[in-house]
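A quick write-up on the structure given underneath.
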Amino acid sequence: MEEAAVEVDGIKKRYTVPVPSTALDGVSFTVRRGEVFGLLGENGAGKSTLIRILSTLLLPDEGEAWVAGHDVVKEASLVRRSIGYAGQDSEKSAYWRLTARQNLLYFSVALRHVRREEAEERAEELAKGLGFSKLDREFSSLSGGEKQMVIIMRSLIHGPSVVFMDEPSKSLDPLAARRVREYIKRLVREEGLTVMLTTHNMEEAEDLCNQMIFLERGRVLFVGPPAEFKEMGEAEVITVDRRLDEDEVQLLPGLVGIRSGASTRLFVKNAAEALPVLLQLPKLAGKAVKLRVEGPTLEDAYFRFAAGLRESQVV
Amino acid sequence: MSEFFRLVGWMTWRRLAELFRYRMNLVWGVLSPLMWSAAFLLLVPLYSTMEMSSAIGTADYGAYLLLGLSMISFQSVALWGGSNNFNWELTTGLIDYSFSSPVSKYAYVESVIISDALVSLVLYDAPFLAVAFYLAARVLSLSGIAYGMTAYVLSILVLSQIGVTFSALTLLYKNVSNLFEFFNMAFQFLTGMIIPLQVLPGFVRVASVFVPLTFGIDLSRHYVLSSSTVFPVPLEWAGLLLQLIGLGLTSLLVFGFVESRARKNGFQYVRVRLARRGQAHWLTRSPRESALEQRDWPNEGKHTD
């Protein structure tokens, strides 16, 4: 337990209204201090419920969980002193008629027991670290991404030891998202911060997370490093510059999956074996076709994983 | 206690920062009560009749009325400040942030109400009170003001306890604004806020005992203006204190219940279920509304009853 920043043991949560459903079904895992831990899964998998339980906003039906060494049920107030929180509706959740700086000051001093001078210093420091230059602009006048940046700063300003972020990169442009990721990595490295985040952004998960968990209908289907998750994609990927349907490629040797769009990604056990057959398909034979062969990405693994859960080999 | 004062201080700071950002609105907000209170000075003699004087025990009917009227805005913020705040927090999602903070949630909602009342007192109600004191200058004493304001502040505290309960109701039922109309009328007519209870029928005076604020308004008028009281003074003090204790305990219990329920079900699904004709009904939403809510809050908890 000493190294664990978050310990979850057999957490169950069930809802019955409007339709009975199981949100979490015996979830267990450990997050070590100084780790960035990603929660992945499709909508409704139970990620937000889990974050809410760990943030003391919801009570579990069964099981136990500790955050920063404190029981989330019996020692909720101690947990609340240790955590930062950036929830799902975050970019609306500040005072629109105050500036970004005033918001940060108000939330940290009034609700998080930070001294005013410390809060002012910390706001400057965070803004500098995240490359945010609009501290004195009214919150309402900020763009969606800038608002989200303020909310991320709000979750960090009081120096929590564990931070929960529900889709932190939502609304951020790629550059801002990268700055946030770099800053979080720095805090993790230099201050030993532990971050638990939900995300649908595979690039973010791959870049940021030391460990990740894949949830489906409240069950843990995978816990481990992103690289290991990626390997679960195991196949090679052939990208074809046009749309191919499932029935057109079913005879491809070693085919384990397909993602069709404007282009098609074919997951095969061995690309060298599959390519000659692929090029003989009626849609491709004798035509100029652009092909690319590569290893699986985390996103591929995610799609394969999610599709596998739907009892199909075809993603 | 220091947490409570810190919350009140910072919430007041926030309210003022928001108000001072929009100068035109602020200036108009301050000018408006100044103009109305000045107009009142001119109109008061018309209302101060002998009949009224003998009924309320003072000739300063203008001041008498102003002390009651100034309570209207306090009534509004005390009853609805917390409720409006939670309504907004539920809409924006801020409630998750505030409820994951280490401050007491009861202190939090009480601070919302008190800070609103303070801002209202300083910016909007001070002119009415100043005119009331001016009109009552003849009979005004420091001890009278001290006792009168004590009763006044206690009334606001009593009201804020109802405000905490209404805030809890907002968490349960999401939209309780129509309750406001009912209580608004009851508070304005049954407390003697506008029309003195002394000139109303006996049954209204009996009903007024059950409405918080009656004793507070009556006592503050009595001490500031030396007016007669509807009930014996010791009885009114006892009633005021009992209301504070009773409603305080009720609001603590109700808010604690709702808070624990919120932790069980999630804020969007904190509701109570009533059995009606052997069948359970959700009080707040039709199936269609529930479905729409599921769409809007896809990852939110669902009810567990």
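Of all residues being over 24 Å from the mean Cα position of the chain (by Cα) and surrounded by 23 or more Cβ atoms within 10 Å (Cβ to Cβ) in region A:88-103, which is nearest to A:Thr56 (Cα to Cα)? Just the residue, please.
From region A:88-103, those over 24 Å from the mean Cα position of the chain (by Cα) are A:95-103; that's our starting set.
Next cut, surrounded by 23 or more Cβ atoms within 10 Å (Cβ to Cβ) only: A:100, A:103.
On the way: A:Ala100: 26, A:Asn103: 23 Å.
Among those that are over 24 Å from the mean Cα position of the chain (by Cα) and surrounded by 23 or more Cβ atoms within 10 Å (Cβ to Cβ), it is A:Asn103.
Taking region A:261-296 as the range and being open to solvent by 70 Å² or more (accessible area, probe 1.4 Å) and among the small types (Gly, Ala, Ser) as the test, the residues that pass are A:Ala262, A:Ala272, A:Gly286, A:Ala288.
Return yes or no: is B:Ser104 without any contact (Cβ under 8 Å) to a residue 24 or more places away in the chain, out of contact with any Lys or Arg (no Cβ under 6 Å at 6 or more places or on another chain), assigned by TED's automatic domain parsing to the domain that holds B:Phe180 and of a type in the set (Ser, Thr, Tyr)? Spelling it out, it is not the case that B:Ser104 is without any contact (Cβ under 8 Å) to a residue 24 or more places away in the chain, out of contact with any Lys or Arg (no Cβ under 6 Å at 6 or more places or on another chain), assigned by TED's automatic domain parsing to the domain that holds B:Phe180 and of a type in the set (Ser, Thr, Tyr).
From the set of residues in region B:10-42 that are part of a helix (DSSP H, G or I), open to solvent by 40 Å² or more (accessible area, probe 1.4 Å) and within 12 Å of chain A (Cβ to nearest Cβ), which is farthest from B:Val112 (Cα to Cα)? Checking each candidate, the answer is B:Asn25. Among all residues of region A:34-44, there is none that is modelled with pLDDT of 90 or more, in contact with a helix residue (DSSP H, G or I) (Cβ under 8 Å, 6 or more places away or on another chain), within 11 Å of another protein chain (Cβ to nearest Cβ) and surrounded by fewer than 21 Cβ atoms within 10 Å (Cβ to Cβ).
When you check A:Val223 against the structure, is it over 30 Å from A:Ala288 (Cβ atoms) and touching a Pro at 6+ places or on another chain (Cβ under 7 Å), yes or no? Full working, then the answer.
On the way: over 30 Å from A:Ala288 (Cβ atoms): yes; touching a Pro at 6+ places or on another chain (Cβ under 7 Å): no.
For A:Val223, the condition - over 30 Å from A:Ala288 (Cβ atoms) and touching a Pro at 6+ places or on another chain (Cβ under 7 Å) - is not met.
Do the conditions hold for B:Leu157, that is, is it closer than 22 Å to B:Arg15 by Cα and assigned to a helix (DSSP H, G or I)? So B:Leu157 passes the test.
Scan region B:57-78 for residues that are in a helix (DSSP H, G or I) and open to solvent by 10 Å² or more (accessible area, probe 1.4 Å) and the total you get is 7.
So, B:Ala291, is that one of a type in the set (A, V, I, L, M), assigned to a helix (DSSP H, G or I) and modelled with pLDDT under 50 or not? Lay out the reasoning, then the answer.
Numbers: of a type in the set (A, V, I, L, M): yes; assigned to a helix (DSSP H, G or I): yes; modelled with pLDDT under 50: yes.
So B:Ala291 passes the test.
Restricting region A:1-22 to residues that are in a strand (DSSP E or B) and within 14 Å of chain B (Cβ to nearest Cβ), the residue that is most open to solvent (accessible area, probe 1.4 Å) is A:Arg14. Output yes when any residue across region A:23-33 is facing chain B (nearest Cβ under 8 Å) and either open to solvent by 10 Å² or more (accessible area, probe 1.4 Å) or part of a strand (DSSP E or B) (or both), and no when none is. For region A:23-33, residues facing chain B (nearest Cβ under 8 Å) and either open to solvent by 10 Å² or more (accessible area, probe 1.4 Å) or part of a strand (DSSP E or B) (or both): present. Restricted to region A:61-87, and to residues there that are in a helix (DSSP H, G or I) and open to solvent by 60 Å² or more (accessible area, probe 1.4 Å), the residue that is farthest from the other protein chains (Cβ to nearest Cβ) is A:Leu78.
May I ask you to verify whether B:Gly81 is crowded, with 19+ Cβ neighbours inside 10 Å, under 20 Å from B:Arg221 (Cα atoms) and either touching a residue at least 40 places away in the same chain (Cβ under 8 Å) or within 14 Å of another protein chain (Cβ to nearest Cβ) (or both)? No.
Checked against the criterion of being assigned to a helix (DSSP H, G or I) and more than 15 Å from B:Gly68 (Cα to Cα), region B:206-222 has at least one qualifying residue.
For (1) outside the structural domain of B:Gly163 (by TED's automatic domain parsing); (2) without any contact (Cβ under 8 Å) to a residue 40 or more places away in the chain; (3) more than 30 Å from B:Ser228 (Cα to Cα), each residue gets a yes or a no:
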site: B:Arg6; (1), (2), (3): no, yes, yes
site: B:Arg15; (1), (2), (3): no, no, yes
site: B:Met24; (1), (2), (3): no, yes, yes
site: B:Leu31; (1), (2), (3): no, yes, yes
site: B:Leu34; (1), (2), (3): no, no, no
site: B:Leu69; (1), (2), (3): no, no, no
site: B:Ile72; (1), (2), (3): no, no, no
site: B:Thr91; (1), (2), (3): no, yes, yes
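When only residues in region A:240-260 that are surrounded by 18 or more Cβ atoms within 10 Å (Cβ to Cβ) and among the aliphatic types (A, V, I, L, M) count, which is farthest from A:Lys283 (Cα to Cα)?
Let us first name the residues in region A:240-260 that are surrounded by 18 or more Cβ atoms within 10 Å (Cβ to Cβ), namely A:240, A:244, A:249, A:252, A:255-260.
Applying the additional criterion that residues be among the aliphatic types (A, V, I, L, M) yields A:240, A:244, A:249, A:252, A:255-256, A:258.
Details: A:Val240: 11, A:Leu244: 8, A:Val249: 10, A:Leu252: 14, A:Leu255: 18, A:Val256: 20, A:Ile258: 16 Å.
Filtering first and then ranking leaves A:Val256.
Among the residues of region A:89-101, is any among the charged types (D, E, K, R), within 9 Å of another protein chain (Cβ to nearest Cβ) and outside any helix (DSSP H, G or I)? Yes, that holds for at least one residue. The set of residues from region A:109-133 being facing chain B (nearest Cβ under 10 Å) and either free of Cβ contacts under 8 Å to residues at least 12 places away in the same chain or surrounded by 16 or more Cβ atoms within 10 Å (Cβ to Cβ) (or both) comprises A:Val109, A:Ala110, A:Leu111, A:Arg112, A:Arg116. Residues of region B:90-127 being charged (D, E, K, R) and more than 8 Å from chain A (Cβ to nearest Cβ), which ones? Selection gives B:Lys105, B:Glu110, B:Asp116, B:Asp125.
Look at (1) open to solvent by less than 10 Å² (accessible area, probe 1.4 Å); (2) touching an Asp or Glu at 6+ places or on another chain (Cβ under 9 Å); (3) more than 7 Å from every other protein chain (Cβ to nearest Cβ); (4) closer than 26 Å to A:Lys185 by Cα and you find that A:Ser55 fails only one, number (3).
The values are calculated or read from the model by the stated rules, or taken from the named source; none is laboratory data. Computed from a prediction, not measured in an experiment: that's the story for all the values here. In this analysis, Cβ positions are derived from the backbone assuming ideal geometry, glycine residues included, and neighbour counts consider all displayed protein chains. For the accessible areas, the whole protein counts, side chains as well, though only heavy atoms, and no ligand, DNA or RNA atoms are used. Shrake-Rupley method; radii C 1.70, N 1.55, O 1.52, S 1.80 Å.
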